[in-house]
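J.: Below is one structure. I have some questions about it.
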Amino acid sequence: MALPSTIYRANLQLSDIDRGVYETLQASVARHPSETAERLVARLLAQALFQEEGLQFTKGISASDEPDLWSKGPDGRVLLWVEVGLPDAERLVKAARHAERVALLACGSTLATWERLQLPKLAGVANLTVTTVDQSFVNRLVALLERSITWEITITEGTLYLQIAGESLVTPIVDKLAGFN
């Protein structure tokens, strides 16, 4: 018998001063049994970093042909394809051929190796943005993760400020490739 997904309720108060995006994002996010807490946190951060009208979570890990988040036009065309983690460059190149824009929140313990091996393969992809945040920031969010998530996020001058459970966390947002920002 397969294990069920764990449901997290997220309420993100987003003030992205850099892009002029001010929204309350509410979502029920399913964490597949094989998904790490780090990946779940990264998906929520990606929602805040790349927020636009219509951006929504997909089946994620359960559907290998879908990104973690996407927004689609009225005709079903993918306007924004958002991945998290450290995918193969080939997956991102393929996504860039089929979507108007592709964004990656690159994170994980082997980020430095991934950057060295995969980033050069992505340099010519004009509609791709690769962004990172400090791994220690992600790790702290994982340590504070609860089933009911309330984050207050402010993004200004390339820095993400996050209030959670009475703590203030800060991380720079680093664009490794800025194809559409």
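Each reported figure results from applying straightforward, stated rules to the coordinates on display, with no laboratory input. Everything numeric in this text was worked out from a predicted model, so none of it was measured. A quick note on method: Cβ atoms are made from the backbone with ideal geometry, for glycine too, and the neighbour counts reach across all protein chains shown.
J.: What distance in nm separates the simple spin-label points at Gln56 and Tyr161, each placed 7 Å from Cα in the Cβ direction?
T.: So the two model labels end up 3.3 nm from each other.
J.: Something else: Given a Förster radius of 25 Å and the C-beta distance between Asp175 and Ser34 as r, what FRET efficiency does 1/(1 + (r/R0)^6) yield to the nearest 0.05?
T.: That gives a FRET efficiency of 0.25.
J.: I need the Debye-formula profile for the range 6-178: one equal scatterer per C-alpha, no solvent, reported as log10 I(q)/I(0) at q = 0.17, 0.19 1/Å, two decimals.
T.: With one equal scatterer per Cα and no solvent, log10 I(q)/I(0) is -1.10, -1.41.
J.: In nm, give the distance between the simple-model label positions of Leu144 and Asn127, each being 7 Å from the Cα along the Cα-to-Cβ direction.
T.: My value for the distance between the label points is 3.6 nm.
J.: Mind checking the range 20-87 for trypsin sites (Lys or Arg not before Pro) that DSSP puts in a loop (not H, G, I, E or B) and that have at most 11 other Cβ atoms within 10 Å?
T.: Sparse-neighbourhood loop trypsin sites (Lys or Arg not before Pro): Arg77.
J.: Now for a different question. With only Lys, Arg, Asp and Glu charged, each at its Cβ (+1 for the first two, -1 for the last two), find how big the charge dipole of the chain is about the Cα centre; round to the nearest 20 debye.
T.: 440 debye
J.: Now for a separate question. Based on the Cβ-Cβ distance of Ser168 and Asp75, what FRET efficiency does E = 1/(1 + (r/R0)^6) give at R0 = 30 Å, to the nearest 0.05?
T.: After rounding to 0.05, the efficiency reads 0.10.
J.: Let me ask something additional. Got the relative contact order for the range 30-181 handy, in percent, Cα pairs under 8 Å and 6 or more residues apart?
T.: Relative contact order of the range 30-181: 18 percent.
J.: Still on this structure, please answer the following. At a Cα cut-off below 21 Å, give the lysines reachable from Lys72, other chains included and same-chain residues fewer than 8 away excluded.
T.: Lys59, Lys94
J.: Find how much the distance from Lys94 to Ser109 grows on full extension, using 0.36 nm per residue of separation minus their present alpha carbon separation; answer in nm with one decimal.
T.: This chain segment gains 2.9 nm when fully extended.
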